[in-house]
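Everything on this sheet refers to the single structure shown next.
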Amino acid sequence: MHEVKAVVVTAKNAPATLETIQVPDPGPGEALVDVLTCGVCQTDQHYQAGEVGEDFPYLLGHEATGVIAAIGEGVSDLAVGDTVILNWRAVCGQCRACQKGTPWYCFNTLNATTKMTLADGTELTPALGIGAFAEKTLVAAGQCTKIDGNLAPEQYAAVGLLGCGVMAGIGAVLNTADVKRGESVAVIGCGGVGTAAIAGAALAGATTIIAVDLDDEKLATAQKFGATHTVNSRNQNPIAAIKELTGGHGSDVVIDAVGIAATFEQAFEARDLAGRLVLVGVPAPGTTWDIPLDEVFGRGGSISSAWYGDTLPTRDFPMLVDQYRLGRLDLDGFVSERIGIDEVEPAFAKMKAGKVLRSVVEINLTPSGTAPVESAEAESVGVTR
């Protein structure tokens, strides 16, 4: 059993506080991870507000990098000392989605079954099955994607963001929309996920990349990540502006990174004939939109939602880390600030105010960028290396 510090929310709308928790050794198919970095994501705030469920207390945090400290019985593809990015969709390989060759839709994703607890024994619910605002966390081995090659200490914060928000935006473009070189892409909503979609469009080779938002500062940031044009929808009709910037036709792909009825309708109308609409912004429960079926039929194309960017971590994370190393994907630009584990609650306020793309908690980093000596000397549990 490992006694560590972690960020917990004990009741609906209670503050996120630093608590002592108990993390057990891994059971079969599980991995104990020394957390290096963890991004502050809006999903964690949804847990705090009781919008994901009411299984309090929650252990927050999920956009993380770490080092394997121990592995459980039956784990063969990880070793103690491996550096990993954590993900919240560890595919089972057995369900009907996996069997059909679409594992990114896995219906039975894996989490650790061994429970972490508060000091008094109260069981914790880890956010998205990870719980990485902690010095150590316990996850299913499939939630760990190994990073090959060395990274500088300051780079872990950046690559860890592939664990959720940045991957959601990039994946919506590369995977769901399957953007081709030379196509046009419009992104409505330039927060963290929308800005990641802009970066994904640039990586895919889109020629015209249109950023749409109400905030000029966010639009300026979008340009840094590859937007070729910007539209302030407070001052311009975004549908007309997108059509004007695409020869009067509309965009080949429109990404709705907001997820409200108004932006979804704008995205639908701003598509070219046979254009693709991808919804990546998460709608509030009960959100509706009146569907003009004659327009759906007459315009053709597709309307899709992107679940975590239709991401397969074992396929996508290594490729995107390589693109980052090659200088083609500016993951560093998403790291607005680096904070301590006791600064998560103030970071929520900054995120809600739109002041940051990502605050990143740095936990077990040392000057050399490695995990603590304890991890390097740990032994696997039930497995001979």
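The values are calculated or read from the model by the stated rules, or taken from the named source; none is laboratory data. All figures in this text were calculated on a predicted structure; none of them were measured in a lab. Glycine also receives a Cβ, built like all others from the backbone with ideal geometry; neighbour counts cover every protein chain displayed. Remember, those area values only see protein heavy atoms, side chains included, never the ligands or the DNA or RNA. Shrake-Rupley method; radii C 1.70, N 1.55, O 1.52, S 1.80 Å.
Across the range 78-230, Cα-Cα pairs more than 28 Å apart make up 36 percent of the total. Which FRET efficiency value, to the nearest 0.05, do you get for Asp55 and Lys146 by plugging their Cβ-Cβ distance into 1/(1 + (r/R0)^6) with R0 = 30 Å? The formula returns an efficiency of 0.50 here. What separates the Cα centres of the range 117-160 and the range 186-246 is a distance of 32 Å.
What a 1.4 Å probe finds exposed on the chain is 49% carbon and sulfur by accessible area, rounded to a whole percent. Secondary structure note: in the chain, about 55% of the DSSP beta bridges are antiparallel. Here r is the Cβ-Cβ distance between Asp294 and Ala261 and R0 is 22 Å; the resulting FRET efficiency, rounded to 0.05, is 0.70. Does the range 161-272 come out rounded, prolate or oblate, given a ≥ b ≥ c as the square roots of the eigenvalues of its C-alpha gyration tensor, rounded meaning a/c under 1.5 and, failing that, prolate meaning a/b above b/c? Rounded. Remark: the range 148-163, residue by residue, has Karplus-estimated 3J(HN,Hα) of 8, x, 8, 10, 6, x, 6, 8, 4, 4, 6, 5, x, 5, 5, x Hz, where x stands for each Gly or Pro and the curve is 6.51 cos²θ - 1.76 cosθ + 1.60 at θ = phi - 60°.
Please sort by residue number the trypsin sites (Lys or Arg not before Pro) in the range 82-145 whose DSSP state is loop and whose Cβ has at most 14 other Cβ atoms within 10 Å. List each step's numbers first, then the result.
On the way: sites: Arg89, Arg96, Lys100, Lys115, Lys136; in loops: Arg89, Lys100, Lys115.
Those that pass, being in a loop and sparsely packed, are Lys100.
For the chain, the Kirkwood hydrodynamic radius from C-alpha pairs, put into Stokes-Einstein at 20 °C and a viscosity of 1.002 mPa s, yields a diffusion coefficient of 101 µm² per second. Here, P(r) means the percent of Cα pairs in each 5 Å bin from 0 to the largest distance; for the range 219-324 it is 2, 11, 17, 21, 21, 14, 10, 4, 1. Taking a ≥ b ≥ c as the square roots of the Cα gyration tensor eigenvalues, the range 18-166 comes out rounded, since a/c falls below 1.5. Projecting label points 7 angstrom from Cα along Cα→Cβ for Ala14 and Ala240 puts them 5.3 nm apart. Can you figure out the FRET efficiency of Thr207 with Ala119, using R₀ = 51 Å and their beta-carbon distance, to the nearest 0.05? Efficiency, from the Cβ-Cβ distance: 0.35.
So what is the accessible area of the range 130-226 per residue, in Å², with the probe set to 1.4 Å?
Values: 2770 Å² over 97 residues.
On a per-residue basis, 29 Å².
How many angstrom lie between the C-alpha centres of the range 251-283 and the range 40-71? If you average the Cα positions of each part, the centres end up 29 Å apart.
Lysine pairs in the chain whose alpha-carbon atoms fall under 20 angstrom of each other, counting only those eight or more residues apart or on distinct chains, come to 11. Amide H contacts under 5 Å for Ile303: Leu277, restricted to partners 5 or more places along the chain or on a different chain, H placed in the peptide plane at 1.01 Å from N.
Per the Debye calculation on the range 214-273 with a single equal scatterer at every Cα and no solvent contribution, log₁₀ I(q)/I(0) for q = 0.18, 0.19 Å⁻¹ amounts to -0.63, -0.71.
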